[in-house]
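Here the structure is laid out as structure tokens; the discussion comes afterwards.
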Amino acid sequence: MHISDSMVAAINDQIKAEFDSAYIYLAMSAYLKDAGLDGMSHWMYKQYKEEVEHAEKFINYLYERGARVIIPDVAKPKETYTDAIEVFKTAYAHEQYVTSRIYKLVDLAVSEKDYATQSMLKWYVDEQMEEEDNTGGIVSKLEFLGGDKHGIYTVDRELSSR
């Protein structure tokens, strides 16, 4: 079955969002590295690579469906933050935003009775649940610690094992 032009456009738009996400996380990684939080920087760098993989998965899906892929410009991300808590709160809010975008894609696929796209998007729905859980959990830990440097050091070390 042919994929609709509206679905192709929506997925191409999501490809841009995934690359924007990757760039946001790369900038966060750089900020955390500069702040001496190597474990958190490592975690964000892994997140950057994961977002690139998400974009590639969408790209490959469009190729499989015989659709045209549009490689987007990437938006310049924020470069500075107040502290690690702000970084992870921003990441958590961003993951919630991406989840809402994925849900809109699912809604479009359902309305168009595009079962192949619905099936592919299930992976993203599950992935977003995991992304929100992970970033939200880190935010909770950092908020609990407040500014406790020993606790932040412990979380930083924990995140280095990702």
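The values are calculated or read from the model by the stated rules, or taken from the named source; none is laboratory data. Worth saying up front: this structure is predicted, and the values here are computed from it rather than measured. FYI the Cβ positions are ideal-geometry reconstructions off the backbone, even for glycines, and counts take in every protein chain you see. Surface areas here come from the heavy atoms of the whole protein model, side chains and all, with no ligands, DNA or RNA. Shrake-Rupley method; radii C 1.70, N 1.55, O 1.52, S 1.80 Å.
When we screen D114, D133 for residues that are among the acidic types (D, E), within 30 Å of L37 (Cβ to Cβ) and modelled with pLDDT of 95 or more, the only hit is D133. Return a yes/no flag: does region 91-106 have any residue that is over 19 Å from H54 (Cβ atoms) and open to solvent by 20 Å² or more (accessible area, probe 1.4 Å). So far as region 91-106 goes, no, none of its residues is over 19 Å from H54 (Cβ atoms) and open to solvent by 20 Å² or more (accessible area, probe 1.4 Å).
Consider region 21-49 and keep the residues that are in contact with a His (Cβ under 9 Å, 6 or more places away or on another chain) and either outside any helix (DSSP H, G or I) or not aliphatic (A, V, I, L, M) (or both). The one that is surrounded by the most Cβ atoms within 10 Å (Cβ to Cβ) is S21. Considering only residues in region 145-157 that are charged (D, E, K, R) and at pLDDT 95 or above, the one that is most open to solvent (accessible area, probe 1.4 Å) turns out to be R157. For region 84-114, the candidate set comprises residues that are without any contact (Cβ under 8 Å) to a residue 24 or more places away in the chain and of a type outside the set (D, E, K, R); within that set, the residue that is nearest to G137 (Cα to Cα) is A93.
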